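Engineer: The structure follows.
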Amino acid sequence: MNTTSTEQDDTLAMLRDSLARYLDNHHGFEQRLHALARADDAPPPFWQGLSRELDLLGAALPESHGGMGFGMAAHLALMETLGGALAAEPYLSTVVIGAGLLQRYPGAQADALLARVVAGQAVLAFAHGEPQSRHDRADVQARLVREGDGFRLDGHKAVVQVAPWASHLIVTARSKGGPRDADGLSLVVVPKDAPGLRMRAYPTRDGGRAADIAFDNVRLPADALLGIEGAALPQIEQALDEATLAICAESIGVMRRLMRDTLDYVRQRKQFGVPISSFQVLQHRIADMHMALEQAAALTASVGETIDTAAAHERARAVSSAKVAVAKACKAVGQGAVQLHGGMGMTEELAVGHYVRRAILIEGQFGPASWHLRRVARLRATNDMNDAR
C-alpha cells in the first residue's frame with residue numbers, strides 16, 4: 001500500500017476508532033466478567049468480529065498476504081486499543097508472533113495457515129519457553145529429529161499463552177547442538193490435535209488462558225518445518241522483540257484506563273467535605289503516575305517508528321529500553337491506582353483490579369526489567385568492543 005505518513009496515520013486512527021467502538025459494544029466489563037466465569041477453551045467471543053466485521057487481522061501484513069501493509073505501526077495502534085479493553089489475548093500470539101513468523105517463511109503450508117489467520121479461522125500459540133529457560137531465548141531442550149520423510153518432536157513447553165484457544169502451535173525445538181547453543185534451533189507448525197501432544201490448561205492471573213504442553217513422539221510431515229532446519233534463532237529473536245514492543249503498546253492502553261478510572265474516583269471521593277483530588281499530596285502522586293505513563297508511551301512510539309528497519313542489535317537494545325520504561329510505569333501506575341482506590345482497588349467488582357493484574361503480568365512478560373537491563377548492558381559492551389577494534 002503506497003501511502004504517505006499522514007495517510008497512514010489517518011487510516012490507523014480510523015482503525016483504532018472502529019476497534020474501540022466494537023469493543024465498547026462487545027467486550028465491556030460485564031462481558032469480561034461473564035467470560036471469566038465461563039472459563040472454557042473456546043476463543044474469546046470478540047475474536048471473530050476482529051476479522052469478519054472489522055477486517056483488522058491483516059492490517060500489519062503486506063498486501064501480498066492479504067493485508068494492508070502497515071507493519072508494526074498497526075500492531076502498536078491495535079494493541080493499545082485492545083489493552084484499553086483488556087482484550088488483547090489471542091492477537092499477540094496469533095498476529096504479532098505467529099503471522100509475523102509465517103510471512104517470513106513463504107511456502108504452501110505457511111501461506112495457507114496465514115490466510116486462515118487473516119480470515120479469523122485459525123488461532124496460533126507460540127510454544128517457546130521451557131521450565132529451565134528463564135527468558136534465555138536459546139535455551140531450548142525440546143528435540144526435533146528427522147525420521148523418514150518427516151520429523152519426530154519430543155519435549156516440554158511451559159506457560160504457553162492462549163494455547164487452550166489455539167488451533168495450531170508454532171513450536172521451537174533443537175535439531176542439533178546442546179542447550180543454549182545459538183545454532184541448531186528450528187520452528188515447526190503443530191496442529192493442536194496432533195497425536196502425542198498433551199496439554200494441561202489453566203487460567204492466568206489476568207483472566208487469560210495458558211497451558212503446559214508435552215510432546216511425546218509427535219510425528220510431523222516435512223512441510224511442518226518453517227525455513228531452514230537449525231537456523232531459526234534470529235527469527236525467534238525478532239518475533240520476541242516485536243512481541244515485547246507490542247505488549248509495551250498494550251500496557252499504554254491498560255495504564256490510560258487505570259489513570260482515567262483513578263482520576264474519576266479521586267474527583268468523586270470526599271473526605272472532610274471536599275474531593276480528595278484537592279489534596280496536594282495526592283495531586284503529586286497522580287502527576288508522578290502521569291509522567292511515568294507518558295515517558296513509557298513516548299519511548300514505545302519512538303521505537304515503533306524504527307523497529308521494522310533497524311539492525312538486529314539496534315532493535316534489541318531499543319526494545320529492551322522501552323520494556324524497562326514500561327515495567328517501571330506499570331509498577332508506578334498500578335500501585336498508585338490501587339492505593340488511591342484503597343481496598344476497593346483489588347476487588348473483582350471494580351475494573352481497576354483487573355487492569356492492575358494485567359499491568360503486573362506485563363512487567364514480567366518476555367523478561368522483567370532486570371533481564372532487559374542486563375541485555376542492554378551486554379549489547380552496549382559488545383558494541384564498544386567492536387568499535388575499539
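Engineer: Exposure proxy check: 251, 277, 64 ranked by fewest other beta carbons within 10 Å?
Structural biologist: Going from sparsest to densest Cβ surroundings: 64, 277, 251.
Engineer: Let me ask another. Name the residue farthest towards the positive end of the dipole of the chain from the options 76, 64, 182, assuming +1 on Cβ of Lys and Arg, -1 on Cβ of Asp and Glu, about the Cα centre.
Structural biologist: Final value for the positive-end residue is 182.
Engineer: Also, quick follow-up: Once a ≥ b ≥ c are taken as the square roots of the eigenvalues of the Cα gyration tensor of the stretch 131-230, is the result rounded (a/c under 1.5), prolate (a/b larger than b/c) or oblate (a/b not larger than b/c)?
Structural biologist: Cα axes put the stretch 131-230 in the oblate bin.
Engineer: Still on this structure: Quick one: order 289, 79, 346 by neighbouring beta-carbon count within 10 Å, fewest to most.
Structural biologist: Arranged by neighbour count, lowest to highest, 289, 79, 346 become 346, 289, 79.
Engineer: Reachable lysines from residue 331, Cα under 29 Å, same-chain residues fewer than 8 places away excluded?
Structural biologist: 157, 270, 323
Engineer: Out of 334, 120, 148, any idea which swings most in a Gaussian network model of the chain, alpha carbons joined below 10 Å?
Structural biologist: Highest fluctuation of the listed residues: 148.
Engineer: Per the Kirkwood treatment, what hydrodynamic radius in Å, one decimal, follows for the chain from the mean inverse distance over all distinct Cα pairs?
Structural biologist: 21.8 Å
Engineer: Please tell me the relative contact order of the chain in percent, rounded to the nearest whole number, where contacts are Cα pairs under 8 Å and at least six residues apart.
Structural biologist: Computed over the chain, the figure is 14 percent.
Engineer: When the chain is modelled as a GNM with alpha-carbon springs shorter than 10 Å, which of 168, 65, 156 fluctuates the most?
Structural biologist: Result: 65 has the largest fluctuation of those listed.
Engineer: May I ask which residue of 126, 107, 140 lies farthest towards the positive end of the charge dipole of the stretch 69-142, with charges of +1 (Lys, Arg) and -1 (Asp, Glu) on Cβ and the Cα centre as origin?
Structural biologist: Checked the options; the winner is 107.
Engineer: Using the 10 angstrom Cβ neighbour count as an exposure proxy, how do 255, 68, 199 rank, fewest first?
Structural biologist: Fewest-to-most Cβ neighbours within 10 Å comes out as 199, 68, 255.
Engineer: Further question: Starting from the alpha-carbon convex hull of the stretch 233-384, give the projected area averaged over all orientations, in nm².
Structural biologist: Hull-based average projected area comes out at 10.0 nm².
Engineer: Still on this structure, please answer the following. Rg and Dmax of the stretch 49-98 over Cα atoms: what are they, in angstrom?
Structural biologist: 10.3, 31
Engineer: How are the Cα pair distances of the stretch 282-327 distributed, in percent, across 5 Å bins from 0?
Structural biologist: That works out to 5, 23, 25, 17, 13, 8, 6, 3, 1, in percent per bin.
Engineer: Given the rule -39500 (n - 2.57) for each run of at least 4 DSSP H residues, summed and divided by the residues of the chain, what is its mean residue ellipticity at 222 nm, to the nearest 500 deg cm²/dmol?
Structural biologist: -16500 deg cm²/dmol
Engineer: Let me ask something else. Over all alpha-carbon pairs in the stretch 5-122, figure out the percentage whose distance exceeds 20 Å.
Structural biologist: 41 percent
Engineer: Among 77, 122, 108, which one shows the biggest mean-square fluctuation in a GNM of the chain, springs joining Cα atoms closer than 10 Å?
Structural biologist: Of the options given, 108 has the highest mean-square fluctuation.
Engineer: P(r) for the stretch 181-307: what percent of alpha-carbon pairs falls in each 5 Å bin, starting at zero?
Structural biologist: 2, 8, 11, 11, 12, 12, 11, 9, 7, 6, 5, 4, 2, 1, 0
Readers should treat all values here as calculations from the given coordinates under stated rules, not as data from a laboratory. All values derive from a computational prediction rather than experimental measurement. Ideal geometry is used to build each Cβ from the backbone, glycine not excepted, and the neighbour counts take in all protein chains shown.
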